Amino acid sequence: KSYLLATSLAVSLLAATTHAELGDAKKLPAPAKQKVEFAKDIKPLLEKSCTQCHSGEKPKGKYRTDTIENLIKGSGDEAPIIPGNSAKSPIVHYAADLVTDSEMPPKDKRDKFPALTKEQISLLRAWIDQGAKY
């Protein structure tokens with residue numbers, strides 16, 4: 001029992017620390033109300049704005065968006081996508097420019113890689129809230 005309690009407490013503390021670093025979720029565009037499909041709605045957004053830097057042998061930030069498995073699991077301790085909870089998914093906060101110095105794409109690269117629009121962030125949020133299925 002004590003192991004489970006300690007594990008639960010550690011997970012809660014990690015989650016609190018991770019989410020404290022995110023932006024204000026109230027500033028996020030609302031999730032789209034439509035059913036969102038990965039292949040049709042999300043993959044093209046990622047390919048246009050993310051995958052060129054986040055793929056290959058040396059992906060930026062060691063984070064890859066070229067496969068769904070890499071997209072969801074991330075590269076370190078923090079999962080970029082929390083299926084079912086877009087408001088706590090770091091990728092949404094980065095795309096919405098709510099985390100200083102972690103805006104995605106970086107502001108100085110946006111001439112080549114466009115930032116996601118509010119409508120596109122809404123689609124990303126809806127896909128995550130719908131379970132991030134593919």
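The values are calculated or read from the model by the stated rules, or taken from the named source; none is laboratory data. Computed from a predicted model, the values in this text were never measured in an experiment. Please note: Cβ atoms are built from the backbone with ideal geometry, for glycine as well, and neighbour counts cover all protein chains shown.
Here are the numbers for the structure shown:
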| read-out | value |
| --- | --- |
| Candidate set: segment 88-134, residues that are among the aromatic types (Phe, Trp, Tyr) and farther than 19 Å from ALA39 by Cβ; chosen: the one modelled with the lowest pLDDT | PHE113 |
| Looking only at segment 56-74, and only at residues there that are outside any loop (DSSP other than H, G, I, E, B) and of a type in the set (Lys, Arg), the one that is surrounded by the most Cβ atoms within 10 Å (Cβ to Cβ) | LYS60 |
| Test set (1) outside any helix (DSSP H, G or I); (2) surrounded by fewer than 16 Cβ atoms within 10 Å (Cβ to Cβ); (3) not acidic (Asp, Glu) - GLY23 fails condition number | (2) |
| Single residue of ASP108, ASP77, ASP97 found to be of a type outside the set (S, T, N, Q) and in a helix (DSSP H, G or I) | ASP108 |
| Some residue of segment 36-43 being within 19 Å of ILE82 (Cα to Cα), at pLDDT 90 or above and part of a loop (DSSP other than H, G, I, E, B) | yes |
